[in-house]
Each structure stands twice: as C-alpha cells, then as structure tokens.
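**Q** The structure that follows is given in the form of structure tokens.
Only the coordinates and a few stated rules stand behind these numbers; no lab work does. These numbers were taken from a predicted model, which means no experiment stands behind them. Glycine gets a Cβ as well: all are built from the backbone with ideal geometry, and neighbour counts include every protein chain shown.
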Amino acid sequence: MHVLASSLIFAALCGAALAADLHVRDFGAIGDGTADDGPAFRKALAAAVQSGQPARVLCDPKTYRIGWRRDDFFALTIDDARDLTLDGRGATLVFDPHNMALQLRQCRRVTVRDLRLDCDPLPCTQGDIIALDRAAGVFTVRIEDGYSMPRTDDAIQPAFRHGCFIAAGRRWYTWNWCYIAAVRLAPGQDRCVVITVDPGMVSALSKVEVGQRFVFRNPPWTPNEFNGGEKWKLGTGDQDRGVVLNPPIANVQVRFCEDCRLEGIDQYISPNMSVFVDGSTGTVIRRYRIGYKPGTDRLSASLSDGIHCKGNTTGPFIEDCSFEGLWDDAINIGSPGDVVQQVLPDGRLRTRVLDIAWIDSYLRAGDHVRLWNPVEGRLLGERTVVKAEFAGNQVRIVTLDRPVTGVVDEVTDPKAATILYADRGPSAVRGCGFSNSLKTALLPNSGTVFENNTVEDCAYGVNAFLCTGLGAQGYPQDLVIRGNSFRNIWIGAVVLYAGTPNPQAAPVSGHCVVEGNTIEQNLGSAITITGLRDVTVASNTINMALSTPLEWPAVTLARCGPMLIRDTDICDLRPGIAAAIEAGTTPRRDVRMDHVTMSVAPGVAQTRFLEDPPSARQ
C-alpha cells in the first residue's frame, strides 16, 4: 500500500494521468455469441468517456454478439473522447447488418485494437450461375447451401442491390459487376433465383458464362425502412445545419478526429465500405486485415471500398494492412473537389462539394487550393482560402486571398465550371498487400507515398486522375510510387492522368516519382502517364507477357511534358506492338531517357514519338 500510495503521489506531482481499466463484463457483457452484448459495450464506452481521464475498455477473447440498434446507424459510438483505448484482446464482435459497427467522432488520441469484426446474418449471398439469357438481361443463380435466400420484393431498388461475377472454380474476381433490377424465385427449382439486370447494365452479361459464381447484396431493409425512423442525426447549428452527422458510409468511421489509431483488426465482412476516415488529422491504420473469413468459402469481405478517405489534413498513414475480396477500391485517399456554383458580385465564390449528399464540404480557412478548368484543361492559379463560410450542407461561401482570372461558374457553363482542389497530405501506404478485388489498390491524393506494397489481381494498381466529370479525385501531384510489386493488373499498374477534352491543353505539373517497382503484366499496361510534366520514371523492371492483348502498351506517354526515364528495363517480346514505349502524342524532345534497356520482338520499335510515323522503327 505504501509503494502504491507513493506512486500515485509521484504521478500526480508529475502531472501524469493514470489510465482506468473498465471491463465490458462488469457492465453486463456475456460473450457467449448469443446474448445481445451491445448495451454492455455502450455502457462501458460511455463510462470511459465520462471518466475524464485516460481509460481502457477491455474485452475477453470471446465472441460478443452486438444486436440491432434501432435508433442509430451505428451499433457503437465514441463521441468527443480523449485518450481512450478499446482493446479487444482477440475478441470477435458479430454485428447485425442493420447497423454499421463503430463510429469515432471528434475524438483525440483514441485507439481501437485487436478485434475481429463479422456480421450475422451476412449482408450478401452467393451462388452458381446455372442459366443465362443475355438478350433478355437475366440469369439464374443457385444459392449455395449455408447462404440465405435473397429478398424478392420489389421494394429493393437497383441502387441498393448489386453484385460481382466471380470466376468458375476459384475465388477470383472477373472485374465485372452489375446493378440488379429484380430477383424472383425460379419456378420448380430448389434454392434458385432469376436475376434481372438493371437495363443500363445489360452489357455486363456479354462477359458472363454459365458456371461462374455471383455474390450480391442482400440488404436486411428496404429503402423506406432505411430512410425511416430516428436514425439520421442532422446538424442543427449555424455551422452544421442539415449536415448528416452519422452517415452510414462504412463499418468503422473516424470523423473529425486527431491522432486516432486502428490496429490489429480483422474484418470478415462489411455491409458497405469497411473504413471511412474524413476531416481528420494523423490517423494511423496498422495491421487492418480485410479478407475472407478463415474456414469459409465466402466470396466477399467488403461490399464496397476498403479504406475510404476524404478531406483529411494529414494522413491516413496505412501500414502492414491487407485487402482482398472487395467490391470497390482498396484505398481511396483522393479528396473531392468543390465546384464553383456562382461567382458573387463581391468576388467571393459560392461552391458545392462534388460528392454524395451525405458528405459535406471540407474547405476551410488556410487551405491551399488549385483552381482547375476541366474543359480547357488549364490550371487557373493557386490561392489560399481566407474564409470558408457555411451556407448549407455541402455549400460554402469562399473568400480567396487574391482574385483569380478566368473562373467559370455553373450559372455560366455547368460543364466548364471551375473546380477547387485543396491540397491534403501528407499520407502514406507502406508494406500492404492487395489481391483479388474488383477495382483499384490505391487512389491517391497529392502528397501520397505508396511504398513497398504488393498488388495482384486488381483492375488498377495506383490510379491518380484529374479530369472533367470525375470530381472525386484530386490533383495528381507530388506522388511517390516506390519499391512496389505489381502483377496481373487488368488495366494499368501505374496510371497518372490529367485529362481534358481539349487536345491543345498543355501538360500540368506533376512532380511525381515512379521508381524501383517491379511490374509483371499479362493483361493491362505497366505505366500510363497522360497530360503531366515533371515526372521521373526510374529503376523500374517491366515484363510484358506474350499473352497480353496488343492494345495494352508497356508504357504509354500521352500529351506529356518534360520528364525523365532512367535506369529502367523493359521486356516486351509481343510481335505486332507499335513500340515498347508508345508516345505518339508526346514530342521526343520532352522525354529524356538515360540507361533504358528495351527488349522487343524483331521488327518492333523500341519507341514511337509524335514525330514518328506509325510504321517507324528505331
């Protein structure tokens, strides 16, 4: 007792706060996988927040069922907490798919660690395709044993139900998907349903074969049930009126937080995105594994993105994570742009964010922004936001430090309206593994480092784009893509794109580095760079398989400005390709090449530039 008392006095004199341990069992959690332990978890978390001191909420390595919480989209919330840790210590939390799992909002130094996340029942179902009528836009699926029969009522709209086509005989995404217009029981066939594709996506069936498998969303609610009740929490103050405070975007959300961490978490399924991080600073995500649940033959681990990020001042910093079985992008760090709705008489700009209604604008005083004309493909200038006044959900009145010439608003020309891209960063993705997913490993923001990762069987590796009509991405600048391994990427391992319908647009500055990567392709391109200058491609090894279709060049440089390619080896022995480096819209003088080794088939050019006729050989 004397030693403990002395320690307490010493800690108090030093200003150190002692952490309090709160165990969920002391608040009524049972952990038998059957009883609803949600109320106990919520009580324990609330007590930890209200204690006013550093605290840990502890679990046992048991299975805790977290039942349907009807008054919120999130089963668990941690609001306005400081120095709190939720330590699962190997626990499995099984959520009802009516809810997302956990939201952190306006927290500081909160850590969630060592948990396994699952759902029961699953928010999706799956089966084998046994019949197909491409002309009619329908196919028949036999639902596998152990998976629930889907809802067949007409209240489920296509926007709430879609699915992915999986290769026959193996758990491999074909990069093909569709929205579903209707699901009907197949007459006289046990556990079979007839699926009608949404009319706008009937073309997806051109690549479908009998024997493939299909995994699709099976929501536990209709749109009316989803939109009803008191689940929606809307801001009512002068600075958040109408803003959705608890948007059900992802299973785990980190919103407007500082220095929070997600560590050692295994996620086996998510009703929507897996992780959403927005408006935050310094978020660290380490050893977050999104993948198929061991011992099952599930075809999905997430019904949308893996880690989706918007408007973060710095971060996230993502390390040693893994991603497989996703229906969308693994990591999206691209910040949305804000389009100019109207240039006001006093020179201020009324803007709206280019995103879904649940996402508010992140523009704030002090932001450095680039103003972009998407039709002309022209950077109008760089400015600092002096004031960003709240004018409603997604809308701001923006004052810049200096006027900008050439700003077009939506009143004048909706297609040519100027977009403001705010610099966000830095952020980093290191030591992660990406495999067997529908779309892209990384959509980066300016200032992102993508280093020492392994990417396999995805539609894209790294895809950074700036173009009209796609406001969800930011300016592709100051990217470092280094030391990665890319294999079997469908469209492109590295794609850096500044696009515009204006063929005379000058390249914009990129300051990107692509170095030390190994790229082995048997489907798409290795490196594609469009509309950028000041890019360095160095010390890469590129091997193109003979089976790669001829329309996929090893390296494409389209409308590029001054750039450097050095110390790079390209092996592309496909007969009939135009060139190993296809640069038909880029002048030769704008690409400096030092110590570049290219192995090509007899009669095939190593390079083709703007000055070279299509038949030129070098």
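**Q** Volume per residue, Å³, of the convex hull around the alpha-carbon atoms of segment 427-471?
**A** With only Cα atoms used, segment 427-471 gives 70 Å³ per residue.
**Q** Over the chain, calculate the relative contact order: mean separation of alpha carbon pairs under 8 Å at least 6 apart, over the residue count, as a percent.
**A** Computed value for the chain: 7 percent relative contact order.
**Q** Moving on. Convert 20 °C to kelvin, take the viscosity as 1.002 mPa s, use the Kirkwood radius over C-alpha pairs of segment 427-609 as Rh, and evaluate the Stokes-Einstein diffusion coefficient in µm²/s, rounded to a whole number.
**A** 133
**Q** For THR92, THR454, THR530, which order do you get if you count the other beta carbons within 10 Å of each Cβ and list the fewest first?
**A** Going from least to most buried by this count: THR454, THR92, THR530.
**Q** Let me ask you something else. Please compute, over every Cα-Cα pair in segment 236-381, the percentage with a separation greater than 29 angstrom.
**A** Roughly 28 percent, once rounded to a whole number.
**Q** Which residues make up the longest stretch of the chain that has no GluC sites (Glu not before Pro) in a DSSP loop with at most 13 other Cβ atoms within 10 Å?
**A** In short, 231-550.
**Q** Could you list, bin by bin from short to long, the percent of Cα-Cα pairs of segment 486-528 in 5 Å steps?
**A** 5, 20, 22, 18, 17, 12, 7
**Q** What translational D, rounded to a whole number of µm²/s, comes out for segment 568-618 from Stokes-Einstein when the hydrodynamic radius is the Kirkwood one over Cα pairs, at 37 °C and 0.692 mPa s?
**A** Here the translational diffusion coefficient equals 294 µm²/s.
**Q** On a 0 to 90 degree scale, rounded to 10, what angle separates helix 2-13 from the longest Cα axis of the chain?
**A** 50
**Q** When the Karplus curve 6.51 cos²θ - 1.76 cosθ + 1.60 is applied with θ = phi - 60°, which whole-Hz ³J(HN,Hα) does each residue of segment 355-365 get, with x for Gly and Pro?
**A** Here the 3J(HN,Hα) series is 7, 5, 4, 6, 9, 8, 6, 10, 4, 8, 4 Hz.
**Q** While we're on this one: Dimensions of segment 303-354 along principal axes (Cα, Å, largest first)?
**A** 51, 24, 9
**Q** Ok, one more. So how many Å³ per residue does the convex hull of the Cα atoms of the chain work out to?
**A** So the per-residue Cα hull volume is 186 Å³.
**Q** HN-Hα J couplings of segment 584-594 from phi, Karplus 6.51/-1.76/1.60, θ = phi - 60°, integer Hz, Gly and Pro as x?
**A** Going residue by residue, I get x, 10, 10, x, 4, 5, 8, 10, 8, 10, 10 Hz, with x marking Gly and Pro.
**Q** If you take the beta carbon distance between ALA365 and ASN227 as r and set R0 to 25 Å, what does 1/(1 + (r/R0)^6) give as a FRET efficiency, to the nearest 0.05?
**A** 0.15
**Q** Give me ASP83, ASP32 ranked fewest to most by other Cβ atoms within 10 Å of their Cβ, as a rough exposure proxy.
**A** Listing ASP83, ASP32 from fewest to most nearby Cβ atoms yields ASP32, ASP83.
**Q** Can you give me the convex hull volume of the Cα atoms of segment 338-422, divided per residue and expressed in Å³?
**A** It is 86 Å³ per residue.
**Q** By what distance, in whole Å, do the Cα atoms of segment 504-588 stretch along each of the three principal axes, largest value first?
**A** Cα extents, longest axis first: 35, 28, 19 Å.
**Q** Going by a ≥ b ≥ c, the root eigenvalues of the Cα gyration tensor, does segment 165-228 fall in the rounded group (a/c under 1.5), the prolate group (a/b larger than b/c) or the oblate group?
**A** Verdict is prolate for segment 165-228.
**Q** Could you grab the relative contact order for segment 427-609? Cα pairs under 8 Å, six or more apart, rounded to a whole percent.
**A** The normalised contact order for segment 427-609 reaches 15 percent.
**Q** If you don't mind, another one. Based on the Kirkwood radius over alpha-carbon pairs, what is the Stokes-Einstein translational diffusion coefficient of segment 55-169 at 20 °C with 1.002 mPa s viscosity, in µm²/s?
**A** This corresponds to a translational diffusion coefficient of 123 µm²/s.
**Q** Roughly what % antiparallel, to the nearest 5, for the DSSP beta bridges in the chain?
**A** 30
**Q** Applying the Karplus parametrisation 6.51 cos²θ - 1.76 cosθ + 1.60 with θ = phi - 60° to the phi angles of segment 50-65, what ³J(HN,Hα) value in whole Hz is obtained for each residue in order, glycine and proline being reported as x?
**A** The phi angles translate into 6, 5, x, 9, x, 8, 10, 9, 10, 10, 9, x, 10, 9, 10, 8 Hz.
**Q** Any idea what log10 I(q)/I(0) is at q = 0.09 Å⁻¹ for segment 176-316, Debye with uniform C-alpha scatterers and no solvent?
**A** For segment 176-316, the Cα-only Debye profile gives -0.42.
**Q** Additional query: Roughly how big is the chain's charge dipole about its Cα centre, with Cβ charges of +1 (Lys, Arg) and -1 (Asp, Glu), in debye to the nearest 20?
**A** Roughly 220 debye for the chain.
**Q** What does the convex hull of the alpha-carbon atoms of segment 124-219 project to on average, in nm²?
**A** It is 5.7 nm².
**Q** For segment 12-142, calculate the relative contact order in percent as a whole number, restricting contacts to Cα pairs under 8 Å that are 6 or more residues apart.
**A** 20
**Q** Quick one: order HIS595, HIS511 by neighbouring beta-carbon count within 10 Å, fewest to most.
**A** HIS595, HIS511
**Q** Around SER280, which amide H atoms from residues at least 5 apart in sequence, or from another chain, sit under 5 Å from its own amide H, with H modelled in the peptide plane?
**A** Hits under the 5 Å cutoff: PHE256, CYS257, ASN312, THR313.
**Q** All other residues with a Cβ under 9 Å from the Cβ of ASN543 taken together, and with Lys, Arg as +1 and Asp, Glu as -1, what is their net charge?
**A** Summing Lys/Arg as +1 and Asp/Glu as -1 gives -3.
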